[in-house]
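These notes are about the structure you will find just below.
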Amino acid sequence: MYTLWHHCRAVTMSSGKYNLLSNAALLTHGAVIFWVGEYDELPDALITHRIDLGGRLVTPGLVDCHTHAVFGGNRAAEFEQRLQGVSYAEIAAAGGGIASTVRDTRAASEQLLLKQATQRIQALRQEGVTTLEIKSGYGLDLESERKMLRVIRQLGRELPIAIRSTCLAAHAVPSEYQGRSDDWIDHICNQLLPELYHEGLVDAVDAFCEHLAFSPTQVERVFQVATELGLPVKLHAEQLSLQHGAVLAARFHALSADHLEYLCEPDIAAMAQQGTVAVLLPGAYYFLRETQQPPVDLLRQYGVPMAISSDMNPGTSPMLSLRLVMNMACTLFRMTPEEALAGVTLYAARALGIEDRCGTLEPGKEANFVAWDIEHPAELSYWLGGTLSKHVIFQGEEVYYD
Ligand code: NIG
Ligand code: FE
């Protein structure tokens, strides 16, 4: 009982390369890929359905591996302030920034958060995203972090997209703990994280390591508890300054270190040695009008796998298009379109610790793929905007068609 998807070309993205198949076919068995190759080499199988993909180009389903897609309100007013010269750090210091989204998120019902996040996720889905990570971190008390994580789980149940949930309680110091950031870290370590983990709400743990957030020493305590619980870790590191968070992440075998504009060469070597994925977030770089570029050449030179992601959030990257992020990775960071595609497929899956399940077109992986109405895969990074995708297949089922 196999479904044959044929009359297409395909880029498998195995090992992060296109590996173009010029007359491709895929055999799926339920939700799983059974075989991918040139049509001529199709194995004998009991084919019950044949689907003609009209000569389109098939890629793995896209993976957005770093988002804050659940939040209340928005920060368009701060955007206006920043355009008048007030910096992100100054806004944060005056009680805006993350703190203002925390107020709005605490005030919002689960239902409202669900509805608003669904709308944002639809935009990603229409562009071929089939796997998505979402972080908490705008609740910053046990109840509100739980509310965010429950919404994340519910989105995963309701929408035809795989969702990974990350606890980012160490995102900012909540107002109740102003001037007592170590006490907030204590609370995360002693109660919040273990409880939410035991409620089945957490797949991974993240933190914001920055002068306006938490020090490496504080992050290390959260990582220790995560490790004791058996949870993988990842880190917002070196976004606005060099704190050596990336080397801490590498030491804890983190899945990824993210942002990395200020990353230095010895820490790149540490990431390479531990296999830590570098998640680059050009949307935040662009939206904050940063000028310090992440060290893409050195990451390449050391063989650190690079993922890219939307960082969808209300403060630094109100980004609803992963393809626009691919374009920015090329135009702003000088990545190649092949690297950009690998960054939203194989390496994004690796940054979530689910490379065995998705990210490439290979037997045994989930049958998540997109048939695009394009000639060359570089077009995914080339076109600015628009929904190019025609067929989105999630776990063997067609979930979007226009
Ligand atoms: O990934 N860097 C920290 N966190 C988010 C921004 C959060 C916000 O400003 O709301 C980020 O850029
Ligand atoms: Fe982020």
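The values are calculated or read from the model by the stated rules, or taken from the named source; none is laboratory data. Computed from a predicted structure; not experimentally measured. Cβ placement follows ideal geometry from the backbone for every residue including glycine, while neighbour counts extend to all protein chains displayed. SASA here: full protein model, heavy atoms, side chains in, ligands and nucleic acids out. Shrake-Rupley method; radii C 1.70, N 1.55, O 1.52, S 1.80 Å.
Scanning the range 204-230 for residues that are free of Cβ contacts under 8 Å to residues at least 40 places away in the same chain, open to solvent by 10 Å² or more (accessible area, probe 1.4 Å) and not polar (S, T, N, Q) yields His211, Pro216, Glu220, Arg221, Val225, Glu228, Leu229, Gly230.
Filter the range 198-235 down to residues that are in contact with a Cys (Cβ under 9 Å, 6 or more places away or on another chain), not in a strand (DSSP E or B) and not hydrophobic (A, V, I, L, M, F, W, C) and give me whichever is farthest from ligand 1 (Cβ to nearest atom). For the range 198-235, the residue satisfying everything is Gln224. Regarding the range 247-268, can at least one residue be identified that is modelled with pLDDT of 95 or more, acidic (Asp, Glu) and surrounded by fewer than 18 Cβ atoms within 10 Å (Cβ to Cβ)? Within the range 247-268, one or more residues are modelled with pLDDT of 95 or more, acidic (Asp, Glu) and surrounded by fewer than 18 Cβ atoms within 10 Å (Cβ to Cβ). Of all the residues in the range 23-63, those that are over 20 Å from Val399 (Cα atoms) and under 30 Å from the mean Cα position of the chain (by Cα) number 4.
Results for (1) touching a His at 6+ places or on another chain (Cβ under 9 Å); (2) within 27 Å of Ala92 (Cβ to Cβ); (3) within 16 Å of ligand 1 (Cβ to nearest atom), shown as yes or no for each residue.
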residue	(1), (2), (3)
Leu242	no, yes, yes
Gly245	yes, yes, yes
Ala249	no, yes, yes
Phe252	no, yes, no
His259	yes, yes, yes
Glu265	no, no, no
Arg289	no, yes, yes
Arg300	no, no, no
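The residues of the range 195-211 that are out of contact with any Ser or Thr (no Cβ under 9 Å at 6 or more places or on another chain) and more than 16 Å from ligand 2 (Cβ to nearest atom), listed by number, are Glu195, Tyr197, His198, Glu199, Gly200.
Of the helices (runs of 4 or more DSSP H) lying entirely inside the range 82-141, the ones with 3 or more residues being touching a residue at least 60 places away in the same chain (Cβ under 8 Å) and within 14 Å of ligand 1 (Cβ to nearest atom) are found at 88-93, 98-107. Looking only at the range 28-75, which residues are at positive phi and within 16 Å of ligand 1 (Cβ to nearest atom)? The answer is Gly73, and nothing else. When you look at Arg180, is it open to solvent by 20 Å² or more (accessible area, probe 1.4 Å), without any contact (Cβ under 8 Å) to a residue 40 or more places away in the chain, in contact with a helix residue (DSSP H, G or I) (Cβ under 6 Å, 6 or more places away or on another chain) and more than 15 Å from ligand 1 (Cβ to nearest atom), yes or no? No; evaluated as a whole, the condition is false for this residue. Summed over the range 224-240, residues that are over 19 Å from Glu133 (Cα atoms) and more than 16 Å from ligand 2 (Cβ to nearest atom) total 5. Residues that are among the charged types (D, E, K, R) and more than 16 Å from ligand 2 (Cβ to nearest atom) within the range 241-261 comprise just one, Arg251.
Checked against (1) closer than 30 Å to Ile152 by Cβ; (2) out of contact with any helix residue (DSSP H, G or I) (no Cβ under 7 Å at 6 or more places or on another chain); (3) more than 16 Å from ligand 2 (Cβ to nearest atom); (4) not basic (Lys, Arg), Asp44 meets all criteria but (1). Whether any residue in the range 19-28 is modelled with pLDDT under 95 and touching a strand residue (DSSP E or B) at 6+ places or on another chain (Cβ under 9 Å) is what I want to check. Within the range 19-28, none of the residues are modelled with pLDDT under 95 and touching a strand residue (DSSP E or B) at 6+ places or on another chain (Cβ under 9 Å).
Scanning the range 13-28 for residues that are surrounded by 23 or more Cβ atoms within 10 Å (Cβ to Cβ) and outside any strand (DSSP E or B) turns up just one, Met13.
Each row is one residue, and each column tells you yes or no for (1) in contact (Cβ under 8 Å) with a residue 60 or more places away in the chain; (2) in contact with a Phe, Trp or Tyr (Cβ under 8 Å, 6 or more places away or on another chain); (3) β-branched (Val, Ile, Thr); (4) open to solvent by less than 10 Å² (accessible area, probe 1.4 Å).
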| residue | (1), (2), (3), (4) |
| --- | --- |
| Leu281 | yes, no, no, yes |
| Ala284 | no, no, no, yes |
| Ser317 | no, yes, no, yes |
| Met328 | no, yes, no, no |
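Regarding the range 262-274, can at least one residue be identified that is within 16 Å of ligand 2 (Cβ to nearest atom) and either closer than 18 Å to Ala351 by Cα or not assigned by TED's automatic domain parsing to the domain that holds Gln154 (or both)? Looking through the range 262-274, at least one residue is within 16 Å of ligand 2 (Cβ to nearest atom) and either closer than 18 Å to Ala351 by Cα or not assigned by TED's automatic domain parsing to the domain that holds Gln154 (or both). The number of residues in the range 336-357 being farther than 12 Å from Pro305 by Cβ, open to solvent by less than 10 Å² (accessible area, probe 1.4 Å) and in contact with a helix residue (DSSP H, G or I) (Cβ under 8 Å, 6 or more places away or on another chain) comes to 3. Looking at the range 282-323 only, could you name the residues that are under 14 Å from the mean Cα position of the chain (by Cα) and part of a helix (DSSP H, G or I)? If the condition is that a residue be under 14 Å from the mean Cα position of the chain (by Cα) and part of a helix (DSSP H, G or I), then Pro282, Gly283, Ala284, Leu322, Arg323 are the ones that fit. Screening Ala89 with (1) closer than 20 Å to Leu320 by Cα; (2) open to solvent by 40 Å² or more (accessible area, probe 1.4 Å) gives one miss only, at (1).
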